[in-house]
Amino acid sequence: MSKVPNAQLVHIGLHCRDLEKMVDFYCRVFGLKVTDSGDYYMGGQITFLSRDAKEHHQVVLATGRTDDGSLKLINQISFRVDSLEDLIIFYHMLVEEKVKEMKPRNHGNAWSIYFHDPEDNRIEIYTSTPW
C-alpha cells in the first residue's frame with residue numbers, strides 16, 4: 001500500500017433541530033460568520049459558517065435532526081488533501097479497504113469522494129479545484 005497522503009480535518013456538518021439557534025450560538029461563541037445559506041438538498045435549510053476568509057465553510061449546519069434518531073447528528077466529517085493525485089491514492093486505498101457506497105462528486109470548487117465509516121458516519125475526502 002502507498003504512503004497515506006496528508007489529510008487535514010477541515011469541516012464538519014451537523015444536523016440541527018433549531019437552525020437559527022445553532023447559527024447564533026456558533027457565531028457568538030466561536031466568532032464564526034455566515035458565508036452562505038439556502039435550500040438543503042435533503043429538504044429544509046442549510047447554513048455555512050467560517051472564521052477563515054480562505055475557507056467557504058468550517059461548520060455546516062442543516063435542518064432535519066429528529067428526536068427519534070432517524071437522522072444522525074453528524075452530517076459528515078470532511079478531510080482535505082493537497083492534490084487530485086492524493087485524492088486518487090485515497091480512492092485506491094478505500095477500494096482496498098472494500099469501502100461500500102463510495103460516491104465521487106464534482107462540486108465545481110472541489111473534487112470529493114464520499115463514503116461511510118464502519119459505524120455508518122459519512123466521510124468526505126476532497127481537494128480544491130483550480131477554478
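Identify, from the list Asp24, Asp52, Asp36, the residue that is of a type in the set (D, E, K, R) and in contact with a Phe, Trp or Tyr (Cβ under 7 Å, 6 or more places away or on another chain). Reasoning before the result, please.
On the way: Asp24 fails: in contact with a Phe, Trp or Tyr (Cβ under 7 Å, 6 or more places away or on another chain); Asp52 fails: in contact with a Phe, Trp or Tyr (Cβ under 7 Å, 6 or more places away or on another chain).
It is Asp36.
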With criteria (1) touching a residue at least 24 places away in the same chain (Cβ under 8 Å); (2) over 18 Å from Leu9 (Cα atoms); (3) not in a loop (DSSP other than H, G, I, E, B), Val95 comes up short on (1)
Going through (1) over 14 Å from the mean Cα position of the chain (by Cα); (2) outside any loop (DSSP other than H, G, I, E, B); (3) surrounded by fewer than 16 Cβ atoms within 10 Å (Cβ to Cβ) one by one, Glu101 fails only at (2)
| said: It is to be established whether one or more residues within the stretch 85-95 are in contact with a Lys or Arg (Cβ under 7 Å, 6 or more places away or on another chain) and surrounded by fewer than 16 Cβ atoms within 10 Å (Cβ to Cβ). | reply: no
(1) in a helix (DSSP H, G or I); (2) under 30 Å from Glu20 (Cβ atoms) all hold for Ser70 apart from (1)
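Read-outs: derived from the displayed coordinates by stated rules, not from any lab. Since we're looking at a predicted model, the values are computed, not measured. Quick reminder, even Gly has a Cβ in these numbers, built from the backbone with ideal geometry, and neighbours come from all protein chains shown.
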